[in-house]
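Reading through the structure tokens given below for one structure.
Just so you know, all these numbers are worked out from the coordinates, no wet-lab data involved. All figures in this text were calculated on a predicted structure; none of them were measured in a lab. Glycine gets a Cβ as well: all are built from the backbone with ideal geometry, and neighbour counts include every protein chain shown.
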């Protein structure tokens, strides 16, 4: 990756973090209503290359549901907001690489959301413990 791409990626991460600060709890309802669209968009990716991403995304969506229903609240709001901002970015068809470009348009979104999921891996592992899931099934 050259320096200009790295800078752009760092700027994008800062922008998502900034957007995360603007997320309000009610926005989670909107995201959860879009769960099928999120799965549909993810289904356009290479399932073999992104299998870990799909497992983590499914786990994160389940955690969002439990957080929103107040049955699981042992996670900082910052992590929830960052996840929500990442999902919003993932669903936005007009981001850095528009989705109408085959494969690449979806891949950049997935890579960014995967980075967010990776950054909150500790929170997701705690959620696995709470649910009684085996974390090693979700994290390699």
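A few notes on this one:
- By other beta-carbon atoms within 10 Å, ranking 140, 111 with the fewest at the front produces 140, 111.
- Inter-label distance, residue 129 to residue 62: 1.7 nm, where each label sits 7 Å from its Cα along the C-beta direction.
- Maximal additional length on extending the residue 137-residue 54 stretch stands at 28.7 nm, based on 0.36 nm per residue less the C-alpha distance.
- Going from the fewest other Cβ atoms within 10 Å to the most, the residues 91, 120 appear in the order 91, 120.
- Note on 129, 123: ascending count of other Cβ atoms within 10 Å places them as 129, 123, the fewest first.
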